[in-house]
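The values are calculated or read from the model by the stated rules, or taken from the named source; none is laboratory data. Everything numeric here is computed off the predicted structure, so don't read it as measured data. Glycine gets a Cβ as well: all are built from the backbone with ideal geometry, and neighbour counts include every protein chain shown.
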Amino acid sequence: MPKPASLRLLVNDRPVNVASGTTVASAILLAGIPTRRSVTGQPRGPLCGMGICFECQATINGTMHQRTCQVFCTEGMEVRTP
Amino acid sequence: MTERFDILVVGAGPAGIAAAVTAVASRKKVGLVDDNPVAGGQIWRAGAAQPVAALAWFERLAASSVARLQGWRVFDSPSQGVLRAEGNDGCRDLVYNQLVMATGARERFLPFPGWTLPNVMGAGGLDAMVRGGLPIAGKRVVVAGTGPLLLAVAAHLAKKGAKIVAICEQAPLHRFVPFCASLLGEPAKTKQGIEYALSTFGSKIHTGCWPVAANGDEMLQSVTLRRREKQWEVPCDYLACGFHLVPNLELPALMKCRIDNGFVAVDDLRQTSIAGIFCAGEPTGIGGVEMALLEGEIAGLAAAGKVVEAKRMARRRKRGLGFVRALSTVTELDPRLKQLATDKTLVCRCEDVSYGRLREHACWREAKLHTRCGMGPCQGRVCGPATEFLFGWKMDSTWSTIRPPLYPVLVSSLGDPDKLEFKSDSLALAGAQDQKEIQ
């Protein structure tokens with residue numbers, strides 16, 4: 001099987017290399033950081049993986065509140081978590 | 001922008017794909033709208049080897065003239081015969097004569113101390129992350145909850161190199177006897193069961209067992225498990241925990257379709273209480289992929305006016321009902337799971353509402369008004385089914401009073417963007433969190 005193409009994105013200004021077809025939520029998990037802080041400040045990560053729980057919301061290329069489990073990484077994408 | 005269809009199908013999982021492909025064969029103009037970036041739903045999610053049946057349906061879909069709207073989320077029905085969807089580049093009105101809803105199911109999550117820690121996910125949730133590129137080789141995973149999904153997930157993760165340190169099924173062992181017997185009538189399921197058993201061979205499978213706590217400071221470090229009187233701690237990197245499935249009823253409820261005992265009521269041809277609106281797959285009863293495909297075909301035929309063919313197929317469907325009944329029996333929740341949450345355990349993860357604050361209320365509506373439970377971005381999709389189990393709160397009133405938008409959307413999607421005061425793309429109407437940002 002051919003090796004999937006690799007691409008690079010920035011998660012909180014830190015470069016993360018992923019295979020193409022990787023979701024932004026998985027890239028954030030790879031970076032080892034929470035996707036968001038809850039209303040009382042708790043760290044959170046993805047829960048449902050299918051766009052219903054909203055735990056994986058982060059800012060992608062300047063647009064806030066993106067469900068990162070439903071977005072694929074692209075080259076040079078900028079992801080920001082609180 | 002407006003698009004017109006004879007038949008519009010919502011949801012591109014097995015049921016939706018089957019409905020669309022079947023309907024389009026009758027020379028109807030068919031649209032298939034789905035919120036994920038690629039078709040397949042949850043069970044046929046990309047990123048893993050697909051079963052032969054899935055490949056065949058994907059091929060039929062690709063070869064068909066079905067108009068695909070992938071990455072579009074239906075959030076409103078502004079007038080009869082119209083659904084409104086939001087995508088990456090704006091908003092579209094989808095006009096239809098007949099509607100097939102194949103909105104699928106989500107996992108049921110139950111709160112226990114530590115369940116909000118990062119790396120505690122749904123069973124399907126972790127599987128989705130791995131299919132979405134998360135490397136899992138060498139990671140220690142505890143799989144817990146209930147239902148056949150647990151074994152499927154454990155088998156897939158094991159294949160990807162994960163170390164499955166424990167599989168915990170809440171149901172007691174004796175309940176699996178009738179369940180396994182129901183599989184024997186279906187060769188495809190029997191084969192799959194044997195495959196799962198082989199690939200999880202060597203993993204510890206505990207029945208009548210569940211997690212009582214997830215431990216760690218900022219991230220999961222271990223899980224405390226309990227079986228009968230025995231309690232023990234297992235270090236792990238991920239906890240994949242889901243308590244079977246609950247149907248996605250938001251759209252059927254918005255369309256005012258009758259909901260009976262937590263599922264969309266349909267006739268033999270999958271028509272709901274509203275003429276011209278059909279429903280197929282998990283929202284009408286959790287039955288698995290083969291059942292969803294059959295129901296999708298029936299709905300597609302019926303929506304296209306092929307009543308004789310639809311009736312013939314409906315008779316075939318009846319043969320699979322033994323498995324559906326066995327599935328609901330085996331996944332029945334142990335009442336002791338109600339005692340996992342302590343007063344401090346959060347139940348609503350969006351608004352951080354604890355069990356202690358909720359248990360003084362009599363019903364879901366009262367709890368919402370006093371605590372904001374279920375009023376965050378997920379709109380009760382996670383905590384609703386949990387409170388239904390924990391407190392016996394009925395969701396009927398929720399379904400009858402549901403209002404658009406079904407999902408948080410951009411302000412510009414809610415009306416004529418030129419007439420709105422807010423035009424920033426970053427503004428979303430959701431819960432308190434967003435309102436704070438707007439202020």
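Hey, could you check region A:59-82 for residues that are part of a loop (DSSP other than H, G, I, E, B) and at positive phi and say which is surrounded by the most Cβ atoms within 10 Å (Cβ to Cβ)?
A:61
Could you go through region A:5-24 and let me know if any residue there is of a type outside the set (A, V, I, L, M), buried (at least 19 other Cβ atoms within 10 Å of the Cβ) and within 12 Å of the chain's Cα centre (by Cα).
yes
Among the residues of region A:18-58, which ones are assigned to a strand (DSSP E or B), touching a helix residue (DSSP H, G or I) at 6+ places or on another chain (Cβ under 9 Å) and either under 30 Å from residue B:384 (Cβ atoms) or not aliphatic (A, V, I, L, M) (or both)?
Correct list: A:23, A:57, A:58.
Give region B:343-360 a look and list any residue that's in contact (Cβ under 8 Å) with a residue 24 or more places away in the chain and surrounded by 14 or more Cβ atoms within 10 Å (Cβ to Cβ), or say none.
B:345, B:346, B:347, B:348, B:349, B:350, B:351, B:353, B:355, B:358, B:359
Using the structure shown, decide if residue A:5 is free of Cβ contacts under 8 Å to residues at least 24 places away in the same chain, among the hydrophobic types (A, V, I, L, M, F, W, C) and farther than 30 Å from residue B:105 by Cβ.
Here the answer is yes, as residue A:5 does meet what is asked.
Does residue B:302 count as modelled with pLDDT of 95 or more, buried (at least 21 other Cβ atoms within 10 Å of the Cβ) and either in the same structural domain as residue B:17 (by TED's automatic domain parsing) or assigned to a loop (DSSP other than H, G, I, E, B) (or both)?
yes
Could you please give the count of residues in region B:306-321 that are modelled with pLDDT of 95 or more and in contact with a helix residue (DSSP H, G or I) (Cβ under 6 Å, 6 or more places away or on another chain)?
Number of matching residues: 4.
Name the one entry in B:222, B:273 that is free of Cβ contacts under 8 Å to residues at least 40 places away in the same chain and within 30 Å of residue B:74 (Cα to Cα).
B:273
Being more than 18 Å from the chain's Cα centre (by Cα), hydrophobic (A, V, I, L, M, F, W, C) and crowded, with 18+ Cβ neighbours inside 10 Å is the filter here; which residues of region B:315-334 pass it?
Hits for region B:315-334 are B:323, B:326, B:330.
Given the options B:342, B:331, name the one that is at pLDDT 95 or above and either of a type in the set (Ser, Thr, Tyr) or outside the structural domain of residue B:259 (by TED's automatic domain parsing) (or both).
On the way: B:331 fails: at pLDDT 95 or above.
Every option except B:342 fails the conditions.
Under the condition of being more than 7 Å from chain B (Cβ to nearest Cβ) and out of contact with any Pro (no Cβ under 9 Å at 6 or more places or on another chain), which residue from region A:17-26 is nearest to residue A:79 (Cα to Cα)?
The qualifying residue nearest to residue A:79 (Cα to Cα) is A:24.
Out of B:73, B:108, B:45, report the one residue that is among the basic types (Lys, Arg), touching a His at 6+ places or on another chain (Cβ under 9 Å) and within 14 Å of another protein chain (Cβ to nearest Cβ). Outline the logic, then answer.
Values: B:73 fails: touching a His at 6+ places or on another chain (Cβ under 9 Å); B:45 fails: touching a His at 6+ places or on another chain (Cβ under 9 Å).
Checking each option against the conditions leaves just B:108.
In this structure, is residue A:38 at pLDDT 95 or above and among the small types (Gly, Ala, Ser)?
The answer is yes for residue A:38.
Take residue B:49 and tell me if it is in a loop (DSSP other than H, G, I, E, B), modelled with pLDDT under 95 and not assigned by TED's automatic domain parsing to the domain that holds residue B:151.
yes
I'd like to check something: does region B:399-416 contain any residue that is modelled with pLDDT under 90, assigned to a loop (DSSP other than H, G, I, E, B) and more than 18 Å from residue B:368 (Cα to Cα)?
yes
Checking residue B:261 against (1) in the same structural domain as residue B:171 (by TED's automatic domain parsing); (2) at pLDDT below 95, which single condition isn't satisfied?
Answer for residue B:261: the failing condition is (1).
Out of the residues in region B:85-104 meeting the condition of being surrounded by fewer than 23 Cβ atoms within 10 Å (Cβ to Cβ) and either over 21 Å from the mean Cα position of the chain (by Cα) or in contact (Cβ under 8 Å) with a residue 40 or more places away in the chain (or both), tell me which one is nearest to residue A:73 (Cα to Cα).
To start, the set of residues in region B:85-104 that are surrounded by fewer than 23 Cβ atoms within 10 Å (Cβ to Cβ) comprises B:87-93, B:95, B:97.
If we keep only those that are either over 21 Å from the mean Cα position of the chain (by Cα) or in contact (Cβ under 8 Å) with a residue 40 or more places away in the chain (or both) as well, we get B:88-93, B:95, B:97.
Values: B:88: 15, B:89: 17, B:90: 20, B:91: 23, B:92: 25, B:93: 28, B:95: 32, B:97: 37 Å.
Restricting to residues being surrounded by fewer than 23 Cβ atoms within 10 Å (Cβ to Cβ) and either over 21 Å from the mean Cα position of the chain (by Cα) or in contact (Cβ under 8 Å) with a residue 40 or more places away in the chain (or both), the top hit is B:88.
If I go through region A:36-58 residue by residue, how many of them are more than 8 Å from every other protein chain (Cβ to nearest Cβ) and in contact with a strand residue (DSSP E or B) (Cβ under 7 Å, 6 or more places away or on another chain)?
Step one: filter region A:36-58 for residues more than 8 Å from every other protein chain (Cβ to nearest Cβ), giving A:36-37, A:41, A:56, A:58.
Filter once more, keeping what is in contact with a strand residue (DSSP E or B) (Cβ under 7 Å, 6 or more places away or on another chain): A:36-37, A:56, A:58.
Summing the residues that are more than 8 Å from every other protein chain (Cβ to nearest Cβ) and in contact with a strand residue (DSSP E or B) (Cβ under 7 Å, 6 or more places away or on another chain) in region A:36-58 gives 4.
Here is a yes/no grid of residues against (1) aliphatic (A, V, I, L, M); (2) within 24 Å of residue B:117 (Cα to Cα); (3) touching an Asp or Glu at 6+ places or on another chain (Cβ under 7 Å):
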site	(1), (2), (3)
B:182	no, no, no
B:192	no, no, no
B:196	no, no, no
B:200	no, no, no
B:210	no, yes, no
B:214	yes, yes, no
B:218	no, yes, no
B:226	no, yes, no
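Here is a check on your reading of the model: is residue B:99 touching a helix residue (DSSP H, G or I) at 6+ places or on another chain (Cβ under 9 Å) and assigned to a loop (DSSP other than H, G, I, E, B)?
Considered against the rule, which asks whether it is touching a helix residue (DSSP H, G or I) at 6+ places or on another chain (Cβ under 9 Å) and assigned to a loop (DSSP other than H, G, I, E, B), residue B:99 comes out as no.
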